[in-house]
Amino acid sequence: MPREHTRTYHLGKLAMELEQRGLTATLRAYPPALRISVPDAAMLVETVDCVPLQEGWFYRWSWGELVGVTDDPALAADHITRVLARR
């Protein structure tokens, strides 16, 4: 259970950063993940979760590519915002 709490903590920090950038971020309880959407583009939805690796905790796209380290949720939110803006 401690890993689930850690995931939820990191995802909560990312959700706050994303919402400050105008995105909608909804936390799914189990397994913990964020459902991220662009308010003006209802069909544009992506999921980001959080995983522990040897180097620390990282945010990860639904297709497995890393978004960024959880130590810098603002930088990860910037990256997510840029990727979603290109779609």
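Readers should treat all values here as calculations from the given coordinates under stated rules, not as data from a laboratory. Small disclaimer: the values here were computed from a predicted structure and weren't measured. Ideal geometry is used to build each Cβ from the backbone, glycine not excepted, and the neighbour counts take in all protein chains shown.
Structure data summary
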read-out	value
Distance between modelled label sites at residue 20 and residue 45, nm, 7 Å Cα→Cβ extension	2.7 nm
Built amide H within the under 5 Å cut-off of residue 58, gap 5+	51, 53, 70
Along each principal axis, Cα extent of the stretch 2-85, largest first, Å	36, 23, 23
Around residue 20: net Lys/Arg minus Asp/Glu count, Cβ-Cβ under 13 Å	-1
Helix 2-20 axis, angle to the chain major axis (alpha carbon atoms, nearest 10°)	30 degrees
Magnitude of the charge dipole, the stretch 2-85, Cβ model with Lys/Arg +1 and Asp/Glu -1, debye to 20	220 debye
Of 12, 22, 64, the one that fluctuates the most in a GNM where the chain has Cα springs shorter than 10 Å	64
Surrounding net charge for residue 31, when Lys and Arg each add one and Asp and Glu each subtract one, Cβ distance under 14 Å	+3
Where labels lie 7 Å past Cα in the beta-carbon direction, separation of residue 6 and residue 86 in nm	3.0 nm
Nearest-ten-degree value, helix 73-85 long axis tilted from longest Cα axis of the chain	40 degrees
Per DSSP, loop GluC sites (Glu not before Pro) in the stretch 1-71 with at most 15 further Cβ within 10 Å	55, 65
Cα coordinate range in the stretch 1-46, projected on the principal axes (Å, largest first)	36, 19, 10
